[in-house]
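The values are calculated or read from the model by the stated rules, or taken from the named source; none is laboratory data. The structure presented is a predicted model; accordingly, all values stated were derived computationally and were not measured. Note that we place each Cβ from the backbone using ideal geometry, even for glycine, and neighbour counts take in every protein chain shown. Just so you know, the surface numbers come from the protein's heavy atoms only, side chains and all, with ligands and any DNA or RNA stripped out. Shrake-Rupley method; radii C 1.70, N 1.55, O 1.52, S 1.80 Å.
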Amino acid sequence: MKIKEGSKMSQSSNTAQNAASNKKVKNKSHHSQSTHAYAKVWLFFTYYWIIFGIGCYFGQYLPMEWRRPLSIGLFVLILATLFIKRARKYGLVISHIYAIIVGLLSYATFTTYMQNLGPDVFYKNVLLAIGAFIIFGILGYFIINDASSLGKYLFVAFIALIIGGLIGMFVHNPIYHTAITIIGLILFLMYTLYDFNRMKRGSFTPREMGFNLFINLLNIIKDVLRLANRFKN
């Protein structure tokens, strides 16, 4: 009986050791996969900034009469990805088109801000925007446990911002446009928090997340510069 009991205890111990060993292997595998996915996110993030930079460079050769048609085309593209499911299947193509067009249109915007603010203030505000992006990213990844419920509210706010932007085309009121800019800044800061929280929970694909973070940071930079330019004026 004692021999049998000892044999059972030995088998139980081996089973527990094997389970612990398998758990460690799974944890290591999961950690390796997560690290690889995060690396791909930042690779795509950098890649889209390069595409944007190329578009921005060629923006200096963009005729002024092309700016409005391109802006309208960009707006239609955004609406298509939001409301047409079939358009989302071409996310890879659309993200490249978006990065190039927004780059082409951003050259004149950044040049204007650089001239109005001066290089020193311009770059300080860019650094301020990057700092805000990092802070909200840290909040989303390390501080907030689960921000998944935030997504539906951010989407509604984004639609409202688009409608507000459309109305702004016919409203020439500085206070209105300043309010829209502040709302946009807060929205994309919250989207940054939300997207970093999604990364924490593993609810993402690297290309989509890299593009989202690129869009968030770009809009934060633009809104900070727009506010700095308005307050200076």
### Task
Considering only protein heavy atoms, with the full assembly of protein chains and a 1.4 angstrom probe, order VAL156, VAL41, VAL121, VAL126 by accessible area, largest first.
VAL156, VAL121, VAL126, VAL41
### Task
Starting from the Cα-Cα distance between THR205 and ASN173, subtract it from 0.36 nm times their residue separation and give me the gain in nm to one decimal.
7.5 nm
### Task
Write down the accessible area per residue of region 179-223 in Å², having rolled a 1.4 Å probe over the full set of protein chains.
31 Å²
### Summary
Among LYS89/LYS200; LYS152/LYS200; LYS124/LYS232, the pairs whose Cα-Cα distance exceeds 23 Å are LYS89/LYS200
### Query
Excluding GLY184 itself, what net charge comes from residues whose Cβ is under 15 Å from its Cβ, given Lys and Arg +1 and Asp and Glu -1?
+2
### Query
How much length is gained on full extension from MET114 to ASN145, taking 0.36 nm per residue of separation minus their Cα-Cα distance?
7.2 nm
#### Entry: Where trypsin sites (Lys or Arg not before Pro) fall in DSSP loop in region 87-144, at most 10 other Cβ within 10 Å
LYS89
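Quick one: net charge of GLY118's neighbours, Cβ under 12 Å, K/R +1, D/E -1? Please report the intermediate quantities before stating the final value.
Details: positive: LYS124, LYS232; negative: ASP120.
Counting the neighbours of GLY118, the net charge comes to +1.
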